[in-house]
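Student: Before we start, here is the structure in question, set down as structure tokens.
The values are calculated or read from the model by the stated rules, or taken from the named source; none is laboratory data. Given the structure is predicted, the values throughout are model-derived calculations rather than measurements. Note that we place each Cβ from the backbone using ideal geometry, even for glycine, and neighbour counts take in every protein chain shown. Remember, those area values only see protein heavy atoms, side chains included, never the ligands or the DNA or RNA. Shrake-Rupley method; radii C 1.70, N 1.55, O 1.52, S 1.80 Å.
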Amino acid sequence: MHDNKIERVIFVSGILKLETPCMIGSGNDTNTDIDIVKDNDGIPYIPGSSIAGVLRNFLSDGSKEDDEPEYVKYLFGKRNNDKNNDDGESTISSIYFYDLSMINYSNDRISTRDGVKLDYETKTSIENNKYDYEVIESGSCFLFRMEIQLRRKLSYLNDKVESILYKILYSMIDGEIRLGGKTNRGLGKCTIDKNSIKILDLNFNDKEHLEENLNRWFNFDWDYFVGNKKLDELKHEIHVNNGKTIKVPLNIETSIIIRSYDNLENSDQKHITSNGIPVIPGTSWGGVIRSGCYKILKLFYDKLLKLDDYKINDKVNSNINCIFGYVDNESKKAKSSKILIEEAKINNGRTLYQTRVKIDRFTGGAAESALFNEEPIYGGETYLTIKVKSKEAWIIGLLILVIKDIQNGFIPVGGEASVGRGIMNGDKIYIDNEIVDLDTEKKYLKSLYDFIVGGVSK
């Protein structure tokens, strides 16, 4: 009984802001195929369980539950079906995340986006694979609250809990945490304002301040509490990021349109925006890049190894799944993507209203009742940002080849490529803020060659 005595309580609050739209599905399909979770008043919120799951995975570096570090199991709770849990005991979580309520709600905080599955050979949509989903728009702010209760039997965590808390909060300050679905395609990026963070650390083993700490705990109120510790005062370790970040500045040569069917008033179709700013969603980049990787790998296996079509398709699909992840509903197996593609804003572009007409391919004349209006974006600049979570250099080599095809206008982005939209140009690639010169490029391409020819991953 005494082992369950609470010896330390830490309260943390702050303001969480969505840097990109977020999709946390509710399981309902009233408004779209995937509606976001909302409270009884129809206001979106972020469930505490979503935060807990993401942070547990983050602290475990994506390990399976059985292979998680011991401190993660005790902090977030462990179940008695754990093969490494010899005592067969389940433990409750010592860390609690409250539901995050939105603090700047308005009707335009919810928008609808469309998705479609592509055939990577033809880059056309697959029949019956179009869907739509709701998102909470970027710029939405939520009240973040968490509580840690350390009991006597977990007293060894006292020396580690500050380092864990520091890692959690700084990962959120730096935008490393993603919430909801499609996070590897740019959605769900969030940050916490460092200046908004309040930390109240109450240690009941501190006999000198025991009465004061107990009173502060008994009378605690989230709305009025005052912190007693600053974030940088927490004991912490240096956080090392093992991934690579690729950034590519691009110019839109002509025009681009990635259709949005949300809030159409004056046009039949317009380019997608987030908070009124034109964007290129990570899902659009992902489709383009995946298609480019597929074609390049297929060409290499054909020209370098002279394989038959069956073996080529088998190797290509295996490598594509390795890079981009997959979900197999039949076998119940899944693999996370090794790359994360950010949503990109388009700067200095112009929205032009156009009236077009569909042409009858047989007569060469206008098709009946086929007049339509659209609002593409002309010109402008954007950044393609890819975060590679794997250390495998061959993946970066393959991405460099695809990026060069985009820079040279061989791979258009978005819709209506047949009329010249989506063509981009550029001549620079940066990896971790350092420009990729010829020697660096050769190094990554050599790794790709070694992987294709010998199956060697470096």
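Student: Placing +1 at every Lys and Arg Cβ and -1 at every Asp and Glu Cβ, with all other atoms neutral, what dipole size does the range 176-241 have around its Cα centre, in debye to the nearest 20?
Tutor: So the magnitude is around 620 debye.
Student: Right, here's the next one. Using Cα centres only, tell me the gap between the range 404-437 and the range 166-206 in whole Å.
Tutor: Measuring centre to centre over Cα atoms gives 33 Å.
Student: Packing-wise, with mean Cβ within 10 Å as the measure, how do 381-388, 428-435, 179-186, 21-28 rank, highest first?
Tutor: Top of the packing list down: 179-186, 381-388, 21-28, 428-435.
Student: Okay, moving on. Taking only Cα atoms, what is the 0 to 90° angle, nearest 10, from helix 282-305's long axis to the longest principal axis of the chain?
Tutor: The two axes meet at around 70 degrees.
Student: For a test of the definition: using alpha carbon positions, the gyration tensor, and the 1.5 limit on a/c, classify the chain as rounded, prolate or oblate.
Tutor: Cα axes put the chain in the prolate bin.
Student: I need the phi-derived Karplus couplings for the range 243-258: 6.51 cos²θ - 1.76 cosθ + 1.60, θ = phi - 60°, integer Hz, Gly and Pro marked x.
Tutor: So the J values, rounded to whole Hz, are x, 10, 10, 9, 10, 10, x, 9, 10, 8, 5, 10, 9, 8, 9, 10.
Student: Convex hull over the alpha-carbon atoms of the range 169-316: what's its volume per residue in Å³?
Tutor: In the range 169-316, the Cα hull volume divided by residue count equals 267 Å³.
Student: Another one. Using a probe radius of 1.4 Å on heavy atoms only, what accessible surface per residue do you get for the chain? Whole Å² is fine.
Tutor: 52
Student: So for the chain: antiparallel DSSP bridges make up what percent, rounded to the nearest 5?
Tutor: Within the chain, antiparallel bridges account for around 95 percent of the total.
Student: Sticking with this one: Could you tell me the calculated FRET efficiency between Asp29 and Asn321, based on Cβ-Cβ distance and R0 = 30 angstrom, to the nearest 0.05?
Tutor: E between Asp29 and Asn321, to the nearest 0.05, is 0.60.
Student: Could you sort 327-333, 136-142, 395-401, 412-418 so that the peptide with the highest average Cβ count within 10 Å comes first and the rest follow in order?
Tutor: 395-401, 136-142, 412-418, 327-333
Student: A follow-up question, please. If I stretch the segment between Lys194 and Ile103 completely, what's the gain in nm (0.36 nm per residue apart, minus their alpha carbon distance), one decimal?
Tutor: 31.0 nm
Student: Follow-up. If you put +1 on each Lys and Arg Cβ and -1 on each Asp and Glu Cβ, how big is the dipole of the chain around its Cα centre, in Debye rounded to 20?
Tutor: The calculation lands at about 1160 debye.
Student: Further, regarding this structure: Summarise the accessible area of the chain (1.4 Å probe, protein heavy atoms) by the percent that is carbon and sulfur.
Tutor: Carbon and sulfur together cover 46 percent of it.
Student: Quick check: pseudo-label points 7 Å beyond the Cα along Cα→Cβ at Lys230 and Lys446, how many nm apart are they?
Tutor: Those two pseudo-labels are separated by 4.8 nm.
Student: Given only helices, namely DSSP H runs of n ≥ 4 each adding -39500 (n - 2.57), what is the per-residue ellipticity at 222 nm of the chain, to the nearest 500 deg cm²/dmol?
Tutor: -8000 deg cm²/dmol
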